[in-house]
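Derivation of every value follows stated rules applied to the coordinates shown; laboratory data play no part. Predicted model only: the values in this text are computed from it and were never measured. Every residue, glycine among them, receives a Cβ derived from its backbone with ideal geometry; neighbour counts consider all protein chains shown.
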């Protein structure tokens, strides 16, 4: 029994993971500013519909949607950590030169 089989057996968990991962990517990458509440609701409804489509791809076509989204989030976090580390290091070097 592999990971895809587990995802197929636990559809609600898989759907929730896909929705949360997709919403996280949307908020960190594509969202420029806070939207009015109605537009925000429409965006999340569309993310929910897209998550359902991705669930079908995960279960029926056996594509690795959840692991791919997980890898994307890990890469985003690594990039964010690298940016924070670089800014911290540059701030420390600027303080020492003064």
Looking only at segment 4-22, decide whether some residue is exposed (fewer than 12 other Cβ atoms within 10 Å of the Cβ) and either within 28 Å of residue 80 (Cα to Cα) or under 16 Å from the mean Cα position of the chain (by Cα) (or both). no
Of the residues that sit in segment 28-38 and are free of Cβ contacts under 8 Å to residues at least 24 places away in the same chain and exposed (fewer than 10 other Cβ atoms within 10 Å of the Cβ), which one is nearest to residue 80 (Cα to Cα)? 30
